[in-house]
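> Shown below is the structure under consideration.
The values are calculated or read from the model by the stated rules, or taken from the named source; none is laboratory data. Remember, predicted model here, so these are calculated numbers, not experimental data. Ideal geometry is used to build each Cβ from the backbone, glycine not excepted, and the neighbour counts take in all protein chains shown. Each accessible area value is taken on the protein alone, full model and side chains, heavy atoms only, with ligands, DNA and RNA left out. Shrake-Rupley method; radii C 1.70, N 1.55, O 1.52, S 1.80 Å.
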Amino acid sequence: MSYKELIKLALNGRSVNQAAKDLGMGQVTLNRYARGERLPDYDDALRLAHEAGIDDAVAFNILAEEAARKKAGKNKEWCARLGSNQQPLPSEGSTLSIELRAHRV
């Protein structure tokens with residue numbers, strides 16, 4: 001199951017506006033989830049999983065896969081912007097060595 005399928009199940013044929021009211025979340029927030037612009041936090045992810053009728057662990061795995069997919073896409077985008085075939089930027093928490101050279105004026 002994909003992230004889009006999870007959202008579709010949670011919407012259950014309702015408009016984003018109606019589903020947001022029923023779930024007690026903001027319409028703009030749910031719309032961002034539905035359009036794939038943003039991933040839900042833990043609380044909203046649980047609400048969506050319960051509404052979709054799927055196990056919490058399955059929902060979190062789906063969200064983790066979507067987050068990894070988005071992160072990989074961002075790294076590719078950065079490499080393309082740099083105009084090179086360099087390795088993706090290091091992830092948060094990793095170490096990066098930088099050589100600093102003194103410049104005399």
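> I need the full set of residues from the stretch 23-74 which are farther than 15 Å from E5 by Cα, open to solvent by less than 30 Å² (accessible area, probe 1.4 Å) and among the hydrophobic types (A, V, I, L, M, F, W, C), in order please.
L23, M25
> Next question. Looking at D44, D22, can you tell me which residue is assigned to a helix (DSSP H, G or I) and in contact with a Ser or Thr (Cβ under 8 Å, 6 or more places away or on another chain)?
On the way: D22 fails: in contact with a Ser or Thr (Cβ under 8 Å, 6 or more places away or on another chain).
When all the criteria are applied, what remains is D44.
> A further question on this structure: Please specify each residue of the stretch 1-19 satisfying the condition of being assigned to a loop (DSSP other than H, G, I, E, B) and open to solvent by 80 Å² or more (accessible area, probe 1.4 Å). It would help to see each step written out before you state the result.
The first filter runs over the stretch 1-19 and keeps only residues assigned to a loop (DSSP other than H, G, I, E, B), leaving 1-2, 12-15.
The answer is M1, N12, G13.
> Has the stretch 57-80 got any residue that is modelled with pLDDT under 95 and not in a helix (DSSP H, G or I)?
No: zero hits.
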